[in-house]
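Colleague: I'd like to ask you about the structure that follows.
Computed from the coordinates by the stated procedures, all read-outs in this text should not be read as laboratory data. All values derive from a computational prediction rather than experimental measurement. Backbone-built Cβ (ideal geometry, glycine too); neighbour counts: all protein chains shown.
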Amino acid sequence: MSLPLIRLLYASRATSGTSYGALIGIMDHARDKNSVSNITGMLCYGSGQFLQALEGDRQSVSDLYHRIAPDPRHTECQLISIVEIDARAFAEWSMKVVNWDDGKSARRQSLLEADTGTSEFNPSAMRAEQANRFLQHLAELEREIAGD
Ligand code: FAD
């Protein structure tokens, strides 16, 4: 019997020294590992904070979250939600990284305001429903930008 597919969202805070550049280094290795265990997802970094979605079978996502949470490159991990899903929202990405601080997009900012009711990227203050909606809309926007 196959394990249920789940999506887990958490928020955390980068520790000193974990810049966006450092994150890119972490992700080179992380994507390879995620591909092997069929994990997909999205990671948004901004103002020294992370919001990450992990999708996959329940065991793989659990194992990964337990590995990520104690990583000293971030702290204050807060679980936002864990839901069973019928289909992946980030299926094409072994981990899509979005740098919120790159200042390029007014459209991203509008999404944040519409989905969370605030202009600040502050994932630890998001409700589960807001965080899920925001990341999925962000994914749609990233696909649109990539398809331009
Ligand atoms: P190694 O890479 O060999 O690491 C062994 C241990 O050393 C780990 O406990 C690791 O936390 C620690 N470590 C490694 N390098 C450093 C360093 N430069 N400074 C301090 N400690 C270090 N991993 C994934 O596989 N998938 C993900 O989607 C993913 N997302 C992440 C998101 C964030 C915000 C962060 C901070 C990390 C993420 N990681 C992810 C990395 C994850 O936390 C583990 O480091 C990684 O999975 C361990 O890989 P490994 O088993 O090959 O061990």
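Colleague: Assuming 1.002 mPa s and 20 °C, estimate D for segment 102-148 with Stokes-Einstein, Rh taken as the Kirkwood radius over Cα pairs, in µm²/s. Don't skip to the end; give the middle numbers.
Modeller: Details: Rh = 11.0 Å.
Approximately 195 µm²/s, per Stokes-Einstein.
Colleague: Next question, about the same structure. For a quick check of your reading of the filter: which trypsin sites (Lys or Arg not before Pro) in segment 94-148 sit in a DSSP loop and have no more than 11 other Cβ atoms within 10 Å?
Modeller: Numbers: sites: 96, 104, 107, 108, 127, 133, 143; in loops: 104, 127.
For trypsin sites (Lys or Arg not before Pro) across segment 94-148 that sit outside H, G, I, E and B with at most 11 neighbouring Cβ atoms in 10 Å, the list reads 104.
Colleague: Hey, another quick one. Pick from 14, 106, 128 the residue whose mean-square fluctuation is largest in a GNM of the chain, springs joining Cα atoms under 10 Å.
Modeller: 106
Colleague: Let me ask you something else. Would you mind calculating the relative contact order of segment 8-122 from Cα pairs under 8 angstrom and at least 6 residues apart, reporting the percent as a whole number? Don't jump to the answer; show the numbers that get you there.
Modeller: Values: 160 pairs, mean separation 44.6, N = 115.
Here the relative contact order equals 39 percent.
Colleague: List, in order, the whole-Hz ³J(HN,Hα) value for each residue of segment 113-118 obtained from phi through the Karplus relation with A = 6.51, B = -1.76, C = 1.60 and θ = phi - 60°; use x for Gly and Pro.
Modeller: 5, 5, 8, 10, x, 9
Colleague: If I model a spin label at residue 124 and residue 36 as a point 7 Å from the Cα along the Cα→Cβ vector, what separation in nanometres do I get?
Modeller: Calculated label separation equals 3.2 nm.
Colleague: Follow-up question, since we're still on this one. Taking θ as phi - 60°, what are the ³J(HN,Hα) couplings along segment 61-66 by the Karplus curve (6.51, -1.76, 1.60), each to the nearest whole Hz, with x for Gly and Pro?
Modeller: 5, 4, 4, 5, 4, 5
Colleague: Please compute the net charge surrounding residue 61, taking Lys and Arg as +1 and Asp and Glu as -1 over other residues with Cβ under 9 Å from its Cβ. Walk me through the numbers before you get to the answer.
Modeller: Numbers: positive: 7, 58; negative: 55, 57, 63.
Taking every other residue near residue 61 into account, the sum is -1.
Colleague: Return P(r) of segment 5-147 (all Cα-Cα pairs; 10 Å bins starting at 0; whole %; ordered from short to long distances).
Modeller: Histogram of Cα-Cα distances, whole percents per bin: 12, 46, 37, 5.
Colleague: Working out 0.36 nm times the residue gap between residue 29 and residue 133, then minus their Cα-Cα distance, what length gain in nm do you get to one decimal?
Modeller: Working: separation 104, 0.36 × 104 = 37.44 nm, distance 2.76 nm.
Extending this stretch completely gives an extra 34.7 nm.
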